[in-house]
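For reference, the structure is listed below as structure tokens.
The values are calculated or read from the model by the stated rules, or taken from the named source; none is laboratory data. Predicted, not measured: the structure shown is a model, and the values here were computed from it. Note that each Cβ is placed from the backbone with ideal geometry, even for glycine, and that neighbours are counted across all protein chains shown.
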Amino acid sequence: MKPITWSVHGALTQWQHGPFALAVVAALIAVAYWYLRADWRLAARGRRWPSQRTAAFLAGLVAVDLALQSPVATFTAGYFEAHVVQHLLLMVVAPPLLALGAPSTLLLQTSSRRVKSSWLSVLRSKPFAALTFPLTVWSLYFGVMFAFFLSSLINRAMHDMALMDAWNLLFLLGGTLYWWPLVGLDPVVHWRMSHGARMVTVLLGAPPEVILGLALLSAGQPVASMYTLASTHAGGGLLWISTEFSTALGFIPIFWQWMRSDERAAARADARSDRQDELAGLAPEGEASAGSMPVTGAAMATAAGEPTAWEAYWRMRTGRVPARTAPSRRPAPAVDRTPARPDT
């Protein structure tokens, strides 16, 4: 690309219109249409898809478009700072937003049985397990980043835009694989982490990016031929500072999901306890009738024909006694009242 001098007018108007940029826009529109259509399909069934998931997913698609088609991509031809912004959009901003949209869960809830089976077979396959292996993910996320910025690869890629487009897609893939198990709501079949392990992983991911930023900030020559040394230093400083923000922001959805999981676990425990109490013949405290039986184990073994405490409480509330859900009592055996004859 021909370098363009920075200006406010250029920052608003210099959008990419090449084949790759137009293909990206078409793909993003198709994905957004599928997501919204699946959301509406759930609504037609009377099921509500959280609006915050939809907003996060659409924001992630916008971030991808800003990185690959907006003036950010245009200014990468002359400013390394723009290249760092593009890198951050593809690896730090878009992937966690897309993961928070839970597209895999939405696909499984709205697609046909054939599509569900095909997608589940992909998620459970050995190649996908190898691709999502933690060592592979860290190599695609941090290893590729170091190899690109600290070698001649960036200079070569900037002189061959088709190669640069391939690198950008690889950055997006690495960011998606890295952030999906950390902040995503979709289940990861092979490599699941607790919320504590996710937070530790976010902390461990900060030092490599800080080291990369410091290396660029202290470089003695431009990172590529089209960039100045001052632009290289500015980009390194931007990468260093942004790492602190990305680490802090990465904690927010993980901590929120942790709190929600505890609340859901407590609600499930309460519901399970209520079911057990109901089956055991317990009425809610303070609502039992005055004549109800004491809550003891003997209450479940009353004589045949006499209502249990659970039945008395249910009759008080509804006016009838439904079929028992607890194990039914067997009728008492008949008593032989024939006088015993003396032995002869």
Practice item. Pull up the range 1-28, narrow it to residues that are more than 19 Å from residue 82 (Cα to Cα) and loosely packed, with under 12 Cβ neighbours inside 10 Å, then point me to the one that is farthest from the chain's Cα centre (by Cα). Key: 19
Exercise for review: Give the residues of the range 200-233 that are of a type outside the set (Ser, Thr, Tyr), buried (at least 18 other Cβ atoms within 10 Å of the Cβ) and over 13 Å from residue 154 (Cβ atoms), sorted by residue number.
Suggested key: 202, 205, 209, 213, 233
Practice item. Determine whether the range 71-86 contains at least one residue that is within 19 Å of residue 35 (Cβ to Cβ) and of a type outside the set (A, V, I, L, M). Key: no
Revision key, fill the gap. Exactly one of 62, 25, 31, 72 is closer than 20 Å to residue 168 by Cα, modelled with pLDDT under 95 and among the aliphatic types (A, V, I, L, M), and that residue is 72
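For residue 171, state whether it is in a helix (DSSP H, G or I) and within 20 Å of the chain's Cα centre (by Cα).
So residue 171 passes the test.
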Revision key, fill the gap. Flagged pairs (Cβ under 6 angstrom, 6 or more apart or on separate chains; first in the range 22-36, within 16 Å of residue 110 (Cβ to Cβ); second assigned to a helix (DSSP H, G or I)) are 32/61; 35/57
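In the range 89-110, which residues are surrounded by fewer than 21 Cβ atoms within 10 Å (Cβ to Cβ) and in contact (Cβ under 8 Å) with a residue 24 or more places away in the chain?
Of the residues in the range 89-110, the ones surrounded by fewer than 21 Cβ atoms within 10 Å (Cβ to Cβ) are 103-105, 107-110.
Matches in the range 89-110: 103, 104, 105, 107, 109, 110.
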Revision key, fill the gap. A careful count of residues in the range 234-246 that are of a type in the set (Val, Ile, Thr) and buried (at least 18 other Cβ atoms within 10 Å of the Cβ) gives 1
